[in-house]
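See structure below.
The values are calculated or read from the model by the stated rules, or taken from the named source; none is laboratory data. Keep in mind that what you see is a predicted model, and the values were worked out from it rather than measured. Note that we place each Cβ from the backbone using ideal geometry, even for glycine, and neighbour counts take in every protein chain shown.
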């Protein structure tokens with residue numbers, strides 16, 4: 001009986017992990033090691049290698065990023081996941097992160113691909 005319960009627990013844990021996803025576009029992430037994120041769903045700031053910027057699949061510019069992000073932070077907390085392509089220009093990524101800070105993002109989490 002305990003074996004069956006353990007099997008069911010492990011099955012449900014693996015199934016719930018496979019359902020987890022970010023609201024970001026597919027980019028080529030750099031490799032690294034980091035602790036897992038919390039369970040809340042933060043806003044995802046995506047910068048592509050063509051320097052295009054998205055907030056949860058919504059295209060924005062550097063000029064409109066802060067005003068678009070501010071209302072989103074009220075619903076999702078003050079955390080923003082930065083999902084930048086490793087070939088994206090560093091200046092655009094940093095400027096986008098600074099605009100997110102202006103909008104009120106207290107935590108900027110960098111998305112990586114595990115090695």
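Data table
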| quantity | calculated |
| --- | --- |
| Test set (1) within 25 Å of residue 31 (Cβ to Cβ); (2) not in a loop (DSSP other than H, G, I, E, B) - residue 59 fails condition number | (1) |
| When residues of segment 73-111 are limited to those that are part of a strand (DSSP E or B) and touching a helix residue (DSSP H, G or I) at 6+ places or on another chain (Cβ under 7 Å), the one surrounded by the fewest Cβ atoms within 10 Å (Cβ to Cβ) | 108 |
| Failed criterion for residue 41 (all others in (1) at pLDDT below 90; (2) buried (at least 17 other Cβ atoms within 10 Å of the Cβ); (3) outside any loop (DSSP other than H, G, I, E, B) hold) | (3) |
| Criterion (modelled with pLDDT of 85 or more and on the phi > 0 side of the Ramachandran plot) met by exactly one of 79, 83, 51 | 51 |
